[in-house]
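Everything on this sheet refers to the single structure shown next.
FYI, it's all coordinate maths here, none of it is from the lab. Since the model is a prediction, treat every value here as computed from it, not as a measurement. Quick reminder, even Gly has a Cβ in these numbers, built from the backbone with ideal geometry, and neighbours come from all protein chains shown.
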């Protein structure tokens, strides 16, 4: 099979032939029909994460947003058969730990991160192995095509988990979204579908135009704010009559994280989704005394457990929102290196998906 492999950090991926994956007795092999290219892939490609002992090893097959079709299952798999249309979450649980049993497989004690560690080869490949298939695989509804499902596979479900499960966004809430890349635009669309009034923040007018198209009631470009207009938090508080109920940092740099926290009204909730870069190395200073004074909550959110997919599918069906609308470009496997490099300068807009894996 063809696969894209991390050779050196910051250098083009090697696209080469590899043996088809072996199958575990409790696992499955999925033919990849589509796989999104995400900022988390960029973090891996750039070599980030050493400060958290989380650096992706060289030789790794990247890619963590696959959708496709089951081609083989192990002897112990009961729920799936070859030919089943599936989505593969990137947070792979073992299905047996206390967190998995409580429906929180995304923080499994013995979990694997698809595409980010040697034990979980990724989906920038024609086929991908999935351990504990009965727990991790998610049947794809007939109405959900592979390309849209790949857009849903990390950023969309991450935004849903952050807004609907780690917090409980609902009708009438004011939600600020800082950073309108793939996960930020997903958060805009989902928050609007949940009935919130959304303020989107980005330095790219094209990204903000997409945010408005996907449901943002207001947009803020810090670089276009006139002198005397105040800071981003001040602008958001003015637009939301006192501050956001929920504010989400989709980017992960110190400035957006602090802006998000400061954008909140008393007893508001900040949700951290974006991972930090070399500049922060996993640490961001916060206005803790101010947060204590106004009872501000700071919540981390990572991916989504596979058990939450039925609720996400139900929301999509009930509201008519379309994750496929976020797809800005379809790619071949050989295009991935250039698109990762483009993320150095934040040049990727919307969601980009690999749909061509052959030579």
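Taking the DSSP beta bridges in the chain as the whole, what percent of them are antiparallel, to the nearest 5? Could the numbers behind the result be given before it?
Values: 28 of 54 bridges.
Rounded to the nearest five, the antiparallel share is 50 percent.
Taking semi-axes √(5λ) of the Cα gyration tensor in Å straight from the coordinates, which label in [x] 36, 21, 18; [y] 29, 24, 22; [z] 33, 21, 19 is the correct one?
Structure-derived value, by its label: [z].
Going by C-beta contacts inside 10 Å, put 167, 349 in order with the fewest on the left.
Fewest to most other Cβ atoms nearby, the residues stand as 349, 167.
Give me 262, 339, 101 sorted ascending by neighbouring Cβ count inside 10 Å, so fewest comes first.
Neighbour counts put them in this order, fewest first: 101, 339, 262.
According to the square roots a ≥ b ≥ c of the eigenvalues of the Cα gyration tensor, what is the shape class of the stretch 1-62, taking rounded for a/c under 1.5, prolate for a/b larger than b/c otherwise, and oblate for the remainder?
Prolate shape, in that a/c is at least 1.5 and a/b is the bigger ratio.
Once each part is reduced to its C-alpha centroid, what is the distance from the stretch 291-359 to the stretch 100-154 in angstrom?
Value for the Cα centre distance between the two parts: 14 Å.
State, as an integer percentage, the relative contact order of the stretch 156-300 based on alpha-carbon contacts under 8 Å between residues 6 or more apart.
21
Quote the Stokes-Einstein diffusion coefficient, in whole µm² s⁻¹, for the stretch 156-300, based on the Kirkwood radius over alpha carbon pairs, a temperature of 20 °C and a viscosity of 1.002 mPa s.
146
Before rounding to the nearest 500, sum -39500 (n - 2.57) across all DSSP H runs of length at least 4 in the chain and divide by the residue total; then give [θ] at 222 nm in deg cm²/dmol.
Counting only the DSSP helices, I get -6500 deg cm²/dmol.
Could you please rank 218, 139, 213, placing first whichever residue has the fewest other Cβ atoms within 10 Å of its Cβ?
Least to most surrounded, the residues fall as 213, 139, 218.
Rounded to the nearest 10 degrees, what's the angle between the helix 182-193 long axis and the longest principal axis of the chain, both from Cα atoms, 0 to 90?
70
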